[in-house]
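The structure under discussion appears below in the form of structure tokens.
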Amino acid sequence: MNKKTIYTLIAILIVFGIYGYEFFLKEEEKAEVVEAGKDVKNNTNEYFLPTSTTSQITHHEGYSLSYSEPHEQAEWVAYELKKSHLAKTNFKRPYFEIDKAIKTGAAHWRNYKKSGYDRGHLCPAGDRRYSQFAHDETFLTSNISPQRHDFNSGIWNALEQKVRYWAGKYDGVFVVTGGVLKHGLKTIGEENVAVPNEFYKVLIDTNTDKTKMIAFLLPHKKSNKPLYEFVVSVDTIEKLTGIDFFHELDDALENKLEASSSYKAWSFQ
DNA sequence: CTGACGATC
DNA sequence: GATCGTCAG
């Protein structure tokens, strides 16, 4: 056996060794890694995660969130809605489950029972229909806020459908959404889940030629007004919530885009 | 699409 | 408690 043959054999052993180790990692530790949130970038896009005012960011496969224990709900839920996520599958709605990843304990769905309020999704089930797992994962109590039914099924639903329309038109959007949480809100249930007076949604699109943003601030009530009447600047949402959105962007670009309340770059069809 | 709720085992 | 069917915005 000459030197060349030996080197070749060693190279083959190294390659197979690495592959075998990778394979072992994927099979044995993938679930754990996902659980720890280290794989979140593959599933959402951690580049765009906002800051947390509560220091309790949790990553799921289909979305990330920042949980506010005093309000027993998320202050924001963030996820990427890719064009490829848009699907027409119709999964059966599962039961809501307490999110065990929330260390301080997420609210029980019983708080909403006969409260007069919907369990309103923040990351909509309709945005996660590309797989049964992703769909069912939206039914965690860390992903819901108390919403009036005429709001949830009305203008909020219309906005969620508009987001899906934009995800298709602009090859995906990144979404951050939640209720405006503050002291003194009305609460429901034994755990005192706060009922927000406003809900917001902030979008960024980096998939088309020019990065663009749009933000909505909706009063928590039924409305028949057109959606564009609720457009505000991202700065407005930041001042209201204390959350810093898209802070990883170049400062000049971030400042310019977040100060704008123009919606001319977004098609309202 | 977004949901609640009563009947049933 | 889990499932199924019905109903409503």
Discussion item. Out of the residues in region A:115-164 meeting the condition of being near DNA strand B (Cβ under 9 Å from one of its atoms) and β-branched (Val, Ile, Thr), tell me which one is nearest to A:Leu185 (Cα to Cα).
Written reply: A:Ile144
Item to complete: Can you confirm whether region A:190-207 contains a residue that is free of Cβ contacts under 8 Å to residues at least 24 places away in the same chain and either closer than 20 Å to A:Ser142 by Cβ or crowded, with 22+ Cβ neighbours inside 10 Å (or both)?
Response: no
Practice prompt. Return the total of residues in region A:107-136 being within 17 Å of A:Trp76 (Cβ to Cβ) and within 16 Å of DNA strand C (Cβ to nearest atom).
Written response: 5
Worksheet item: Does A:Gly179 satisfy the condition of being within 18 Å of the chain's Cα centre (by Cα) and surrounded by fewer than 21 Cβ atoms within 10 Å (Cβ to Cβ)?
Response: no
Item to complete: Considering each of A:Thr141, A:Thr208 in turn, give the residue that is among the β-branched types (Val, Ile, Thr), in the same structural domain as A:Ser84 (by TED's automatic domain parsing) and away from DNA strand C (no atom under 16 Å from the Cβ).
Response: A:Thr208
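The values are calculated or read from the model by the stated rules, or taken from the named source; none is laboratory data. Predicted model, so just to flag it, every value in this text is computed and none were measured. Positions of Cβ are backbone-derived with ideal geometry, glycine not excepted, and every protein chain shown enters the neighbour counts.
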